[in-house]
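**Q** Just dropping this structure here.
The values are calculated or read from the model by the stated rules, or taken from the named source; none is laboratory data. Quick caveat: nothing in here was measured; it's all calculated off a predicted structure. Cβ coordinates were reconstructed from backbone atoms using ideal geometry, including for glycine residues, and neighbour counts include every protein chain displayed.
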Amino acid sequence: MSRVVIDILFSIAVLIGLVLHYFYTEDMTVGEFYIGLMVNYVGTRYLLMSNLDYAVYDAALGSEDE
């Protein structure tokens, strides 16, 4: 469970950094901003799905041991 919380906090931190960079420095184009948002979304989905795969795999191995 803690891996999920850490992954969510990491993705929120990256998102906040991306938004702050876009709005305060203004040296990023709208296209680059959208690409950054999409990469953050895909990365977050990958992290969360890998945690889900790990939990399912761990549960499957645990049920075989019994």
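**Q** Do we find a residue being surrounded by 11 or more Cβ atoms within 10 Å (Cβ to Cβ) and either at positive phi or of a type in the set (Gly, Ala, Ser) (or both) anywhere in segment 56-66?
**A** no
**Q** Restricting to segment 1-57, count the residues that are free of Cβ contacts under 8 Å to residues at least 12 places away in the same chain and not hydroxyl-bearing (Ser, Thr, Tyr).
**A** Residues in segment 1-57 being free of Cβ contacts under 8 Å to residues at least 12 places away in the same chain and not hydroxyl-bearing (Ser, Thr, Tyr): 28 in total.
**Q** Among the candidates 19, 42, 30, which residue alone is of a type in the set (Val, Ile, Thr) and either at pLDDT below 85 or under 14 Å from the mean Cα position of the chain (by Cα) (or both)?
**A** None of the other options fit; the residue is 42.
**Q** Being exposed (fewer than 10 other Cβ atoms within 10 Å of the Cβ) and either in contact with a helix residue (DSSP H, G or I) (Cβ under 8 Å, 6 or more places away or on another chain) or β-branched (Val, Ile, Thr) (or both) narrows it down to one of 4, 30, 39, 19, so name that one.
**A** Among 4, 30, 39, 19, only 30 is exposed (fewer than 10 other Cβ atoms within 10 Å of the Cβ) and either in contact with a helix residue (DSSP H, G or I) (Cβ under 8 Å, 6 or more places away or on another chain) or β-branched (Val, Ile, Thr) (or both).
**Q** Also, I was wondering about something else. Can you name the residue in segment 9-32 that is part of a helix (DSSP H, G or I) and polar (S, T, N, Q) and is also farthest from residue 45 (Cα to Cα) among such residues?
**A** Checked segment 9-32; the qualifying residue farthest from residue 45 (Cα to Cα) is 25.
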